[in-house]
Structures are given as C-alpha cells and as structure tokens.
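The values are calculated or read from the model by the stated rules, or taken from the named source; none is laboratory data. Every value quoted in this text rests on a predicted model; they were computed, and no experiment measured them. Here the Cβ is made from the backbone with ideal geometry for all residues, glycine too, and neighbour counts use every protein chain on show. Side chains included, ligands, DNA and RNA excluded: accessible areas come from the protein's heavy atoms. Shrake-Rupley method; radii C 1.70, N 1.55, O 1.52, S 1.80 Å.
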Amino acid sequence: MALTVFLFKVAKLEIGNTKSDVFDENQEQSTPLINDDNTQLLCAKVIFRESHLWSNNVPIYNGTASFIARGNKPKKFEFNLATMLLPNDKMRIEFYTTTMKNKRKKMIALFELMLQSLIDSKYIDLPEENLSDPNNYLLKSTIQLKLYYTSPNIEREKVALSQVNDLTNTIDWKSTFDDEGRQDGHRHRYTHKKHRKGLKKLRMKLVGRANDTDSDSYSDVDLDDNKNPHETFASMTEEEKLKVQYNNLELLEKSLGRYEGDAYQMTQWQIMVNIIQGRDFPGHDINPYVCVQIADQKRYTGMQKCTNSPFFGEFFTFDFSLSATQMMQTVIYFKVHHAQKLISTFIDTKPIGIFKVDVATVYNEKEHVFERKWAQLTHPDSIKAPCGYLLVSVAIAQRGVSTKNILGETTQDDDELKPSKEFIPAAMPRHLFPVQLKITFFTATELPEMMTDFLATVSKKILASDDWEPVDPYVEVSYNAIKATTDYRNGTSPVWGEALYLIGQFPPLVRTIKIALKDHAAVQKDRTIASFLIDLFSISESNPLAGFLPIFGPTWIFLYGSPREYTINKDQDDLGERIGEGICYKGRLLMEIECHPISGEHTSNLNVQKESGIQFPDVHIFPMKRTFILFGGIFDVTMIDKAFGNTAICFELSMGSSGYLNPQQLTTHQSVSSVTRPYPRSPIDNNAQHFRLPIDLQKPILFTKYIFHDYRYRMNLSNRLKHASEHMLKLIREFESNVNSKVSNDILLQQYRKMEEYIHTLPCGCSQMKATDNNLDIMGLVHATLSETLNFPKTNLRMNILDEKRRKKILHNLESLKIWISKEVDFDESKLYETVKELYKIARALRQLAIDAQPSLPDIFLWMICDSKRVAYARIPPEDILFSLCEGDKGLHNGRIQTLFLQTPRTTDKPIKSSTNAKIQIYLWLGTEEQEINIFKQLPGGFDMPPLPLPVDIKYIRYNKRSFYELRCHCYKARSLIAADETGFSDPYLSITAGNETQTTPILKESLCPQWNITLVFRNLIHVGNRETAEETIGNVVVECYDYDDVIIRFFIIELRSWQNFKFLD
C-alpha cells in the first residue's frame, strides 16, 4: 500500500526573480544552475500521518516554481502505508522560501486536501488548485499535482474491517524496503558514507540547499509498526466488539437526532449549567471569571483572583419558551474573561478563551446531558490555539420531563483530564479538527415581489426603468456565531456567483447552518423572504469507517414561508424565519457546500472570506428535465369548522409555482385545472360545530404540471426506507402484542427471527402484491433488494457527490443495524420490554434515514379556499405520492385514498386550534407525463373513465352507484385524561364522526378515568363505488375526547384505519 504524490509546479506567485531567459522552450526542462546568492528558492514539505517529506529547492522565475526535473519528470513523494487509507486522512503541503545566502526558511503558502475520494477513485488529477496563506486566506497562487493510491488486497481489507477473529496476517511494511532502507521517497535513517560528500557538494551547487539529502524526499519521522490497528482489532474482546457496535448505533442516533414531536409547537425548555472549575488558563496573575451566554441571556460566575486553575462551583438555569426548531439551533457560549479594574465593572473584557456548543448537540446525548466534561477553550483569534480547559455540566429538559441531576457528588479522581472526559459527544472520534466551509450561491428563481403593486408602479416611474423589479434579494448565512452575506441583486431571478468561507470544526459541535434569503430595503428593515436549515450531520458522516466531510450539491433548494403576496402586515413574516411551518412556495435557490480541513493556526473563529465571479456548474451534472403531473381526486370533505363562515368552498392543488393562483385570479374565479368549482356547505347530523360538502356521485378532480430535473432516484431511495420502516413497525407491534400477552418464548423467538430476516434482506415488496384482477395468482415482478440497489446504482443517474456518499452512508448504517439485530436476545421477562424499545429505535432510524437533505421536487400544497381566501391547508412531501412500477419505490400514499386533516397557518406564538378545521379524503398521484395512463388504474373502480390526456376543463369524475353500510362503535373507558377544570377533574365525553354523521357518548362529571360501556350505531352510511373497494374509500373514523364546559378542549384524535368484519346492510 502506498500514497504517491507528483508535484509539477507552483504558479502565480507574487515573489520571484527578474531573469526570464533561463528556460528555453525548445530545450528539455531541467533545474538551472544558480549563481546568484540572492535568488529566491522554493521548497515543499509534504505532510501525511505525522510523516513529512521535503523537496529540493527550486528557483522562482516569473512567479512560477517548476518541480519538473530532467526527463520531464515531476517531483515524486511516496508514503508507504501500514494501514489502508481512511476517510478522515488528509495531506498537507507547505511551501517555504529561502535563498542561497540566507538559509532561513519562511512559510508563504499551504495546501490541504482530504483524501476520502482517493479511496474509491485511486487517482486524483489537480491541474490548478488555489493555495492559502498561513492565515488560511485564499491566494491567487496555484498548484499542479497528481495523487495515486495503491490499495491493499480487497479480501484483506474486508478481514480488517469485519472478520476480526480470523485476522492472522498483518502487513510487514519493513520488508518492502531495500537493503539501504529506502524505497523511492521514503527512507530509514542510515549512516552517510564518505563517498557521498562529493555528490552532496554538487547538489548544493545545483539546487542551492546544503542540508538536503538528495533529490528524493526524506522522512523526518520514523514509522512505528506498533501503530497497526489491525493488531488491535484482532486482540479485541467480545465486550470491546459490542462496544464498537454500540458506538455505531449511538453515532447513527446522534446524526439523525433524538427529538420527537411537533417541531413548531411552543415548548417550555430549561437549560441547566454547572461551572465547576478551570485549568491551565493562559496569562500571568489573571483574575478569571466565566460568562455563560444563551441567546440574549447571560450568567456570570464570581471572580477568582490570581490563579490559572480556578474553582467556581456555580450553578445556573436558563428558561425559554421556544419551538424545537428554534431551540435546537441556539448556541451555548462559555467565555472566560480576565477581570480588570474599572473596565470589568462596566463591560466585559475580551475573552481569553471561548467554547461553543449548540443545544442540539447536548439534546442528542443520552438523557440530554453532558456531565462533568472538560471543554477545551480556544483563543478567539486562533481556532487551533488551546487556552485551557473548563469543567462543566450541561443538561436540557422539557417542561414536565424529568432530567438527570447534574449536581451529584463525585470523587476528585472522576475529574481527571483524560480523553474520555473531554466535552465531545459519546461515540464520536476524540479528535476534533478545524475546517473551512465554502458555501457557494449561484442563482435563485421564481422569487416573489416584495412590494405592493401601487408602490412598484410608482418606483418604476421614478427609476424610469422597465427592467427594474420590486425585490433586491441577498443571502445571509449564520453558523457558529458567524454571519456572512452576499451582495444584493435586483430581480426575481438574481445571479450571484459568490462563495462565503466560514470556520468550524469537524465533527461539529455546532451542527446547524441557517440560510436566509432576504430583501434589501433602502429605508425600512430588511424582510425575510424565506429561510431554511442545513444539519451538517445530514450532509456528512463522522464514523471513521464511512466518514466524509460536509458536502452538498450543487443542487436546488426549494424555499417556503409566508404567502407570496407582499403585505404591509407582518403577522406572518415569522413563517419565513421558520418560527412556524412555511405555508407557501417562495422560489428556489441553487447552491453548493464544500469543506476542507485547515491548520487553524492564526485563524480567527470569526474569520469570514468572500469570493466572487464563480462560474455556474456545468449543465451536464444535472439530470434531464421532465414534465411531472400532479393529480388529485376528492372523495369526501367533512368536519369543516363553522368559523369559516357560510360562503362557498373550493380547493387548490399546487406544486411549486404550478397551480398556484394569486388573489386577483381567485377573485375573478378564473377556471383552471388546479382549482375545483365552488361547493355550498351542508350540515352534519348531530354536529353543530362542523359542516360538510355535498360531494356525492360526482367527485371533483384537480391536476397541474411541473417541469424540473428528474431526481426520482432520490425519492425512490427514500421510499424504500420508508416502506422498510412501516413494515418493521408492523412486525414490532405484533411482537409487542405477543409480549404483553405473555406467549411462549418459542413464538417470540420465531417472530424476532422474522424481523431479523427482514432487516437482512429488505426486499422491494413486489412479492407481496395481491393477485392480479384475473385471479391467476401471478406474483408481481421482484426488483433488487435495498442493499443491491445501494451497491449497484444505475450509471446514468447523474448523481452528485452527496448522492453517492448518502448511498454509502445508508449502506454502512444498514450494516450496523444488521449486526445489532443479529445479536443474542434474552427473552427474560424483565428485559423483553427493553428489547422492544430498541426495536422501535431501528424502525425510527430507517424512517429518519429516508430524509434527504437534497430535495427532489417542491412540496405539494392543498388549500381550502373560502370567499377567495386561503383558510386551511395540508402540506404533502412529493415522494409520498410518487408513482413507480416497483412497490418499494412507490410512495406510501400513492394509489390509495388518504385522510388529511387541514390546519390553519400558525406561528409558535399562537396555540394550536382546539377544533378540527376540515377532514378531507383525497386520492393523490404524482408521476411523469409518460406515466399518465396509470393515474386511473389505481383509483377505486365504478366510475366513468375520462379521456387521456386530461383536458383542462374537466372538473370531476362520475361514479355510477352507491351502497349503504352500518358502523358500530363500542366505547369502553379512558384513563389518565388531562384535568380541564379548576377542581382538578374533567367532564369528559366522546365525539365520534363517521361519514356525514356525528354521535356522542354521555357526559361523565368530574372524572379523569371515565367508563362509558356504550355502543354507538351509525346506520345508512353511504359508500360510492364498487363494494370490492369499500375498505379503501370509506376512510377513517374520527374519535375526539372533549371536556363539557364553556371552552371545548380537544385531547386527541384517533384514526381507525383497520376495518374488520365489514359488511353491507343489503
């Protein structure tokens, strides 16, 4: 195994010699003779895995230093590897200047490169890459080099990674050297012989460096064969192997996040911080104190006099009322200050050390706590400069949720400064290194105008320009307490071509990047058009076996926020700041994120650089564009809140800018295919709070078309994982039911092995298709399993780097899940419920892995419109209704009728509405124009087939007949209800809605555990269509629990999806 680097030249240097006639283009290039002692010379130092090799000195002429020797051969550096190349390996090249007269070297530039892509490609050609100065500012200087990687035997590599028990052979790297201990550029230390002195003097004359060994590279650090990790793997005990498996699952959980719940619901949070002691603070006779800052809240410890290792022992609490989205991106600052007389009385002095971590990192720890961990402080002006340590404990708790006591007593030995006590998330690599993020913004399109029509007209007349548009967008990036912005451009399709460079660490302790698209205002405050968050863990991997640095795009990001129409009223502006869920499509942004490691020396934590004039990415890297068809058929609309008034109601279905109507178009009742005709409201039997629409045999339909790049391979992969998660949940619930029923261990073992087999195979699901309509029991075509799909992707998909890395990341995580579920299971009664909890984690992990950071299509919006105003909506991910011939690639809700509960726009400062806005049963379908013939094949039968392609003026499909059925609901009891009255009790009753009828149970006074024991019978409920499809079209029964009082309080809604013993009355 070897890593070979060929260095050709360094160009565009701002230093050099005046002679230009040294090289003859018609002659073979070689190192010239040097007669001038003041000639500027350049040498390179290549660093890899703590070994470094020097080049010879070469002269700089006309800003170029050529390392090409006689025979047109570039400079060669070769590192013999004791272990295979790892994803977090990096190479660093430092360039130094010197002269014949002055032997002192001065570093003028450096180049760093992560070698993760070299593992697969085995070869990298870099014809022109920019260098950085020692402070990590980009230079115009460029480097040309090539890298080659000779990998080990594939079978040996597999043994090293997985089959650790069978590993008996390790790599004898010393045997690859010759008798003199050298192989190309690598060399063992050996004694120079006398006859080498003459050659040494001649070399000094040629290249001007007396202390060079020869033109080959030289290793200044002996390799240590004791560092071979294969021997460590081979000597691992069973307990250590289990720990490795646990670490893989822990890393998976951290990267996916542990928060479950409504991300936009207002929640009470408390952050507890215990500042214990400090160690090795810089300075002499300092008086340190600590400032803990979270958002706009600050807490201070007392000042400790004349000490570099103070003891504080102070405890603080911070209370917040925020949504989970806002809370998780909040950064916790620890700042150590040196108190000075008079100055510290009024303001804080400049911190001598800082440490930053966001709430999400703390929350994703087990029990949401870091207990007695040493936080390494860094200097504000240099991210790599250590400034001592601070022993702290941090815990986060939600209201009503117990948390761990971080003030527990401990012994002095527990606070020893060692790697396991560092403030780094559990199971993550112990080494954090500084990185530089390059975030590039190319263009945006389909942005809304940010001015009223009247002001826009007046402004155009004043500016006397027809090209001017009433929006001046720019992009603001917030990360790691750093903010950076692009220049603003005029127009709804601005072009930037700018890159912002930010400093961070990897693995990240601050994991969220916030990107906001804003409108520049000359007078008023800039208003946010839309914003979104990028989780660095979703675009990177910190596990060393499958790790890669953050990478993203180039790809389009779809923007959502407040309504597209500009209003002076700012009530819904918070939706653009992600304080509530975005309710409208606001455009799309083309961007890219790259990351590379840096030395960090003399690099400020707040260092921001900007680069402009970046060219657009090549068109061929994007998939070809296709026309997508979005179709919807409404089967029933009920439980419409009476607060929406008595006006007619219609619905709008949109995807991106397609299908969306502006207020003027809604007012004029413009007839388009994406909007239904208006319907009057009808009352629901026995329900004064809700209404329904009289949709009987004529079912309204909506459809629209959207043209975009064909990223279906992203959605197909997400759907495979979602189907796997749903199937696992079904198997786990069955297993849990049998655990509760206390069945025999043999049955439990059989069910567990069934789940284990499913995780190991993860089939596409086509083999589970029902028999075809001809009842010949012909099974559907079986496609590749998920592992096969990940290992052998199609070659014509035009995936970007993150698409490829995502597949490898998922494949690695699936292997971890397989190892975990294959372990021995203890069916002891006390441990079974813990096993069930872990199985649920596997299902959740599969669901979370389905989330793709790079979107494929815009989200779909279904709006209910009353009196030409949008009042309630549902937002549907496009992959959930995507059509595919493969069952595994198909969306979860494609080809079936689903029940949607519409919601009103809300921000976190407004509580959830206590009543249901509307319940709609709808059939949704999404596919390409070529798949349009499949739209009605999955629709429940019994209707008149419309013509294809669909005409624009078609508004409904007509069913031919109806049937009647009866529903019986057996209501037994409830437990542990919420106290809604001042007495500490409630007066609960159930409200059950099925079809067009609502029935209620008797009210039980002052009870939190009511027992009704009553049966409610719903007679003559209507079903439209064939009886064979009744279970698909009838929909769900809604069960609500209310408190009988002046204010109605909704406790829950239960959807009953499983119909058993279904029979028609006739």
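With respect to the numbered conditions (1) closer than 30 Å to ARG258 by Cα; (2) open to solvent by less than 40 Å² (accessible area, probe 1.4 Å); (3) assigned to a strand (DSSP E or B), which one is the sole condition not fulfilled by ILE865?
Against the list (1) closer than 30 Å to ARG258 by Cα; (2) open to solvent by less than 40 Å² (accessible area, probe 1.4 Å); (3) assigned to a strand (DSSP E or B), ILE865 comes up short only on (1).
Taking the options GLU601, GLU592, GLU577, name whichever one is more than 23 Å from THR928 (Cβ to Cβ), modelled with pLDDT of 90 or more, open to solvent by 30 Å² or more (accessible area, probe 1.4 Å) and charged (D, E, K, R).
Within the list GLU601, GLU592, GLU577, the selection yields GLU592.
Going by what's in this entry, would THR993 be described as surrounded by 11 or more Cβ atoms within 10 Å (Cβ to Cβ), under 42 Å from the mean Cα position of the chain (by Cα) and within 23 Å of PRO683 (Cα to Cα)?
In short, yes.
Name the residues in segment 644-660 that are open to solvent by less than 30 Å² (accessible area, probe 1.4 Å) and farther than 20 Å from GLY633 by Cβ, would you?
The answer is GLY645, GLY656.
For segment 1006-1026, what are the residues that are among the charged types (D, E, K, R), closer than 22 Å to ALA980 by Cβ and assigned to a strand (DSSP E or B)?
Result: no residue meets the conditions.
Take the residues in segment 514-546 that are under 25 Å from THR443 (Cβ atoms) and basic (Lys, Arg), then tell me which one is surrounded by the most Cβ atoms within 10 Å (Cβ to Cβ).
Among residues in segment 514-546 that are under 25 Å from THR443 (Cβ atoms) and basic (Lys, Arg), the one surrounded by the most Cβ atoms within 10 Å (Cβ to Cβ) is LYS518.
If you scan segment 836-862, which residues turn out to be assigned to a loop (DSSP other than H, G, I, E, B), out of contact with any strand residue (DSSP E or B) (no Cβ under 8 Å at 6 or more places or on another chain) and open to solvent by less than 40 Å² (accessible area, probe 1.4 Å)?
ALA850, ASP852, SER856
How many residues does segment 962-989 contain that are touching a residue at least 24 places away in the same chain (Cβ under 8 Å) and either touching a Pro at 6+ places or on another chain (Cβ under 8 Å) or open to solvent by 50 Å² or more (accessible area, probe 1.4 Å) (or both)?
So the count comes out to 15.
So which residues in segment 85-103 are at pLDDT below 80 and open to solvent by 20 Å² or more (accessible area, probe 1.4 Å), if there are any at all?
Hits for segment 85-103 are ASN88, MET100, LYS101, ASN102, LYS103.
Scan segment 562-571 and tell me whether some residue there is modelled with pLDDT under 95 and not in a loop (DSSP other than H, G, I, E, B).
no
Does LEU549 satisfy being open to solvent by less than 10 Å² (accessible area, probe 1.4 Å) and modelled with pLDDT of 95 or more?
no
Residue check: is LEU924 touching a His at 6+ places or on another chain (Cβ under 7 Å) and part of a strand (DSSP E or B)?
Yes; evaluated as a whole, the condition is true for this residue.
Any idea which residue in segment 669-705 is surrounded by the fewest Cβ atoms within 10 Å (Cβ to Cβ), counting only those that are among the β-branched types (Val, Ile, Thr) and more than 14 Å from ILE634 (Cβ to Cβ)?
Here the residue is VAL672.
Kindly establish whether ILE124 is free of Cβ contacts under 8 Å to residues at least 40 places away in the same chain, more than 16 Å from VAL10 (Cα to Cα), of a type outside the set (Ser, Thr, Tyr) and out of contact with any strand residue (DSSP E or B) (no Cβ under 6 Å at 6 or more places or on another chain).
Taking the combined requirement at face value, the residue does not satisfy it.
Going by the conditions given, is PRO550 more than 14 Å from PHE441 (Cα to Cα), out of contact with any Cys (no Cβ under 8 Å at 6 or more places or on another chain) and assigned to a loop (DSSP other than H, G, I, E, B)?
Spelling it out, it is not the case that PRO550 is more than 14 Å from PHE441 (Cα to Cα), out of contact with any Cys (no Cβ under 8 Å at 6 or more places or on another chain) and assigned to a loop (DSSP other than H, G, I, E, B).
Per-residue answers, yes or no, for (1) touching a His at 6+ places or on another chain (Cβ under 8 Å); (2) in contact (Cβ under 8 Å) with a residue 60 or more places away in the chain; (3) surrounded by fewer than 16 Cβ atoms within 10 Å (Cβ to Cβ):
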| site | (1), (2), (3) |
| --- | --- |
| HIS337 | no, no, no |
| PRO351 | yes, yes, no |
| ASP358 | no, yes, no |
| LYS366 | no, yes, yes |
| GLU371 | no, no, no |
| ASP381 | yes, yes, yes |
| ALA385 | yes, yes, no |
| SER393 | no, yes, no |
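For segment 45-77, what are the residues that are touching a Leu at 6+ places or on another chain (Cβ under 9 Å), open to solvent by less than 20 Å² (accessible area, probe 1.4 Å) and assigned to a strand (DSSP E or B)?
VAL46, PHE48, SER51, VAL58, PRO59, ILE60, ALA65, LYS75, PHE77
Just give me the residues in segment 731-773 being closer than 21 Å to SER822 by Cα, of a type in the set (Ser, Thr, Tyr) and either assigned to a helix (DSSP H, G or I) or within 32 Å of the chain's Cα centre (by Cα) (or both), in sequence order.
Once the filter is applied, which keeps residues that are closer than 21 Å to SER822 by Cα, of a type in the set (Ser, Thr, Tyr) and either assigned to a helix (DSSP H, G or I) or within 32 Å of the chain's Cα centre (by Cα) (or both), segment 731-773 yields TYR752, TYR758, THR761.
Quick one: count up the residues across segment 253-271 that are open to solvent by less than 20 Å² (accessible area, probe 1.4 Å) and touching a Ser or Thr at 6+ places or on another chain (Cβ under 6 Å).
Result for segment 253-271: 0.
Determine whether ASP826 is among the acidic types (Asp, Glu), open to solvent by less than 20 Å² (accessible area, probe 1.4 Å) and either modelled with pLDDT of 90 or more or on the phi < 0 side of the Ramachandran plot (or both).
No.
Can you say whether SER816 is surrounded by 16 or more Cβ atoms within 10 Å (Cβ to Cβ), modelled with pLDDT under 90 and of a type in the set (Gly, Ala, Ser), as far as the supplied structure shows?
yes
Anything in segment 922-935 that is open to solvent by less than 10 Å² (accessible area, probe 1.4 Å) and of a type outside the set (Gly, Ala, Ser)? List them, or say none.
ILE922, TYR923, LEU924, TRP925, LEU926, THR928, ILE935, listed by residue number.
Looking for whichever is over 30 Å from ILE1022 (Cβ atoms) and either assigned by the TED database to the domain that holds MET945 or without any contact (Cβ under 8 Å) to a residue 24 or more places away in the chain (or both) here; the options are SER671, SER718, SER658. Which one fits?
Testing whether each residue is over 30 Å from ILE1022 (Cβ atoms) and either assigned by the TED database to the domain that holds MET945 or without any contact (Cβ under 8 Å) to a residue 24 or more places away in the chain (or both) leaves just SER658.
When segment 709-730 is examined, which residues are found to be open to solvent by 20 Å² or more (accessible area, probe 1.4 Å), assigned to a helix (DSSP H, G or I) and either under 22 Å from VAL619 (Cβ atoms) or hydrophobic (A, V, I, L, M, F, W, C) (or both)?
Correct list: ARG712, TYR713, LEU729.
Residues are listed down the side, and each one gets a yes or a no for (1) at pLDDT 90 or above; (2) closer than 21 Å to HIS723 by Cα:
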residue: LYS890; (1), (2): yes, yes
residue: HIS893; (1), (2): yes, yes
residue: ILE912; (1), (2): no, no
residue: LYS919; (1), (2): yes, no
residue: PHE936; (1), (2): yes, no
residue: PRO949; (1), (2): yes, no
residue: LYS961; (1), (2): no, no
residue: ARG968; (1), (2): no, no
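What number of residues within segment 282-298 satisfy the criterion of being open to solvent by 30 Å² or more (accessible area, probe 1.4 Å), more than 12 Å from ILE271 (Cα to Cα) and part of a strand (DSSP E or B)?
Count: 1.
Has segment 800-808 got at least one residue that is farther than 27 Å from ILE747 by Cα, at pLDDT 90 or above and outside any helix (DSSP H, G or I)?
Yes, segment 800-808 has at least one match.
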